[in-house]
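Enquirer: Encoded as structure tokens, here's the structure I'll be asking about.
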Amino acid sequence: MKSTHPMHIETIAVHAGIEENEFGAVVPPIYQTSTFKFRDADHGANLFSGKEDGYIYTRMRNPTVEAMENSVAMLEGGYKALGCGSGMAAVHTALAAMLSSGDHIICSESVYGATATLLSTIGPKYQIETSFVDTSDLDAIRAALRPNTKVILVETPGNPTIVISDIAGAADIAHAHGALLMVDNTFMSPVLQRPFDLGADVIIHSMTKFLNGHADVVAGIIIVKTAEMYPAFRKTLNLLGGVIDPFNSFLVHRGIKTLAIRMERHNENAMKVAAYLEQHPKVKQVYYPGLPSHPQYALAQKQMLGPGGMIAFELHGGLEAGKTMMNAVTLCALAVSLGGVESLIQHPASMTHATMTREQREQAKITDGLVRLSVGIEAPDDIIADLDAALALC
Ligand SMILES: *Cc1c(COP(=O)(O)O)cnc(C)c1O
């Protein structure tokens, strides 16, 4: 994308990573190949030694993957991005690039269930210790620092309780300690939250969610802020091998073109749905950053460019009422995952966060009656009518 002035994010979403190609195709081709021919023996040797730039093997580099990576790097305002086979591959690869055995990490207690389980079960196998803390409390982060703390991993808004952590505050604490701040920006996308502007060093996404947005791909990405950090991350990804393939890269890149308008609609719809839920007599509590009742409403207003599509809520009837509701909805699909064009509803304690121990869930305030809703881009009145009919039975 060539331009004489800085582009807006809506324009970057449509154009970034789309380069000129042989036939002038508006959408670049999919290079569905595992390997690339060398012109001759010297060319092959030069590519391997780095004397010449080019493609060797798709686990190392692929033009379709790179086009998508360039798009996400530009969206986040980072140096470069590394496409991964899933969000979990991105979490694992980024941590493996930053940490060594004996290191300590501080992680949000309200975090994607598999991230928590990765850190608490696989981490110790490599002598990596994790403190799960309420990162919405900066003093709690400070109190958890150890001499060997190398990474602070913040997910905000946090999964599934939609708790918000102060990225700039966490970055200051990390940097004063010589540690790095990694932000999981999945719930917001680059359109609604700018972690690099707030001091983060590394951003990760599950692109399975809002970036792809169509619930048809599992993929992840790491974006690094500086050129100095990049080689270690690329080497780690190449060696661990958790790369994304060309076709999924193409699909994600296609999904990204509508990211900005999808996020606008997610904001609008979720705002309406959250306001509806909040006034409903059967609903005990709604957690949504766009509502003034959210405990960190002021921080949300300051740090986020929109409240996003994710809502959590608690029914007066607890778990039983939640189950009744999930069995009664017809438009909203009872399914895990989030961030797609379709509305999805699920029960964290028995589904996405079932691999956490009860103690971990209690610490993260994931009660048995909590319901999580990913509000899609359907007509908001239809979503509300579906919830209304289901709530009438609770
Ligand atoms: C889904 C998700 C992940 C993991 O991503 P996968 O693509 O499922 O591997 C990590 N973090 C957050 C916040 C997520 O929502």
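Enquirer: Please enumerate the residues belonging to the stretch 375-388 that are closer than 20 Å to Lys323 by Cβ and exposed (fewer than 14 other Cβ atoms within 10 Å of the Cβ).
Expert: Asp388 - this is the single residue of the stretch 375-388 that is closer than 20 Å to Lys323 by Cβ and exposed (fewer than 14 other Cβ atoms within 10 Å of the Cβ).
Enquirer: Of these, Ala333, Ala298, which one is without any contact (Cβ under 8 Å) to a residue 24 or more places away in the chain, in contact with a strand residue (DSSP E or B) (Cβ under 6 Å, 6 or more places away or on another chain) and surrounded by fewer than 23 Cβ atoms within 10 Å (Cβ to Cβ)?
Expert: Ala333
So that you can scan it fast, the table gives a plain yes or no per residue for (1) hydrophobic (A, V, I, L, M, F, W, C); (2) farther than 16 Å from Leu251 by Cα:
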{"site": "Ile9", "(1), (2)": "yes, yes"}
{"site": "Gly17", "(1), (2)": "no, no"}
{"site": "Phe23", "(1), (2)": "yes, yes"}
{"site": "Val27", "(1), (2)": "yes, no"}
{"site": "Ser34", "(1), (2)": "no, yes"}
{"site": "Lys37", "(1), (2)": "no, yes"}
{"site": "Ala41", "(1), (2)": "yes, yes"}
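Enquirer: Right, another one. What single numbered condition from (1) within 16 Å of the ligand (Cβ to nearest atom); (2) free of Cβ contacts under 8 Å to residues at least 60 places away in the same chain; (3) more than 19 Å from the chain's Cα centre (by Cα) fails to hold for Ser120?
Expert: Every condition holds for Ser120 apart from (2).
Enquirer: Of the residues Phe247, Phe313, which single one is under 30 Å from Val26 (Cα atoms) and of a type in the set (Phe, Trp, Tyr)?
Expert: Residue meeting the stated conditions: Phe247.
Enquirer: For the stretch 180-236, list the strands (runs of 3 or more DSSP E) that sit wholly inside it and hold at least 1 residues that are more than 13 Å from the ligand (Cβ to nearest atom) and closer than 18 Å to Pro157 by Cβ; which are they?
Expert: Qualifying strands (runs of 3 or more DSSP E): 180-184.
Enquirer: Tell me, please, whether a residue that is within 26 Å of Ala81 (Cβ to Cβ), more than 13 Å from the ligand (Cβ to nearest atom), touching a residue at least 12 places away in the same chain (Cβ under 8 Å) and among the basic types (Lys, Arg) can be found in the stretch 136-158.
Expert: Yes, the stretch 136-158 contains at least one residue that is within 26 Å of Ala81 (Cβ to Cβ), more than 13 Å from the ligand (Cβ to nearest atom), touching a residue at least 12 places away in the same chain (Cβ under 8 Å) and among the basic types (Lys, Arg).
Enquirer: Shifting gears a bit: Within the stretch 257-280, which residues are touching a Gly at 6+ places or on another chain (Cβ under 8 Å) and either crowded, with 18+ Cβ neighbours inside 10 Å or aromatic (Phe, Trp, Tyr) (or both)?
Expert: The answer is Leu259, Arg262, Met263, His266, Asn267, Asn269, Ala270, Met271, Ala274.
Enquirer: Could you tell me whether any residue of the stretch 30-40 is within 26 Å of the chain's Cα centre (by Cα) and closer than 26 Å to Val202 by Cα?
Expert: No: the stretch 30-40 contains no residue that is within 26 Å of the chain's Cα centre (by Cα) and closer than 26 Å to Val202 by Cα.
Enquirer: Could I ask something else about it? Return yes when Ala25 is modelled with pLDDT under 95, over 21 Å from Leu211 (Cβ atoms) and more than 16 Å from the ligand (Cβ to nearest atom) and no when it is not.
Expert: So Ala25 passes the test.
Enquirer: Moving to a separate point now. Check the stretch 34-53 and report whether any residue there is in contact with a Pro (Cβ under 8 Å, 6 or more places away or on another chain) and either within 16 Å of the ligand (Cβ to nearest atom) or not small (Gly, Ala, Ser) (or both).
Expert: Scanning the stretch 34-53, I find no residue that is in contact with a Pro (Cβ under 8 Å, 6 or more places away or on another chain) and either within 16 Å of the ligand (Cβ to nearest atom) or not small (Gly, Ala, Ser) (or both), so the answer is no.
Enquirer: In the stretch 80-93, how many are more than 11 Å from the ligand (Cβ to nearest atom) and either farther than 27 Å from Leu118 by Cα or crowded, with 24+ Cβ neighbours inside 10 Å (or both)?
Expert: Count: 4.
Enquirer: Quick one: what pairs do we get from the stretch 24-44, first residue of a type in the set (A, V, I, L, M, F, W, C), second surrounded by 10 or more Cβ atoms within 10 Å (Cβ to Cβ) and not in a loop (DSSP other than H, G, I, E, B), C-beta under 8 Å, 6+ apart or different chains?
Expert: Once the first residue is of a type in the set (A, V, I, L, M, F, W, C) and sits in the stretch 24-44, its partners that are surrounded by 10 or more Cβ atoms within 10 Å (Cβ to Cβ) and not in a loop (DSSP other than H, G, I, E, B) give Val27/Arg254; Ile30/Thr64; Ile30/Pro246; Ile30/Phe247; Ile30/Phe250; Phe36/Tyr57; Phe38/Gly44; Phe38/Leu47.
Enquirer: Being away from the ligand (no atom under 16 Å from the Cβ) and either of a type in the set (Ser, Thr, Tyr) or part of a helix (DSSP H, G or I) (or both): is that true of Asp172 here?
Expert: Taking the combined requirement at face value, the residue satisfies it.
Enquirer: OK, next. Please go through (1) under 17 Å from the mean Cα position of the chain (by Cα); (2) aliphatic (A, V, I, L, M); (3) over 30 Å from Leu373 (Cβ atoms) for Ala81 and return the number of the only condition it doesn't satisfy.
Expert: Only one criterion in (1) under 17 Å from the mean Cα position of the chain (by Cα); (2) aliphatic (A, V, I, L, M); (3) over 30 Å from Leu373 (Cβ atoms) is unmet by Ala81, namely (3).
Enquirer: Can you name every residue in the stretch 275-285 that is farther than 15 Å from Leu319 by Cα and without any contact (Cβ under 8 Å) to a residue 40 or more places away in the chain?
Expert: Ala275, Glu278, Gln279, Pro281
Enquirer: Turning to a different aspect of this structure: Scan the stretch 293-340 for residues that are modelled with pLDDT of 95 or more, within 16 Å of the ligand (Cβ to nearest atom) and of a type in the set (Val, Ile, Thr) and jot them down.
Expert: Ile311 - this is the single residue of the stretch 293-340 that is modelled with pLDDT of 95 or more, within 16 Å of the ligand (Cβ to nearest atom) and of a type in the set (Val, Ile, Thr).
The values are calculated or read from the model by the stated rules, or taken from the named source; none is laboratory data. Since the structure is predicted, the reported quantities are computational estimates derived from the model, not experimental observations. Positions of Cβ are backbone-derived with ideal geometry, glycine not excepted, and every protein chain shown enters the neighbour counts.
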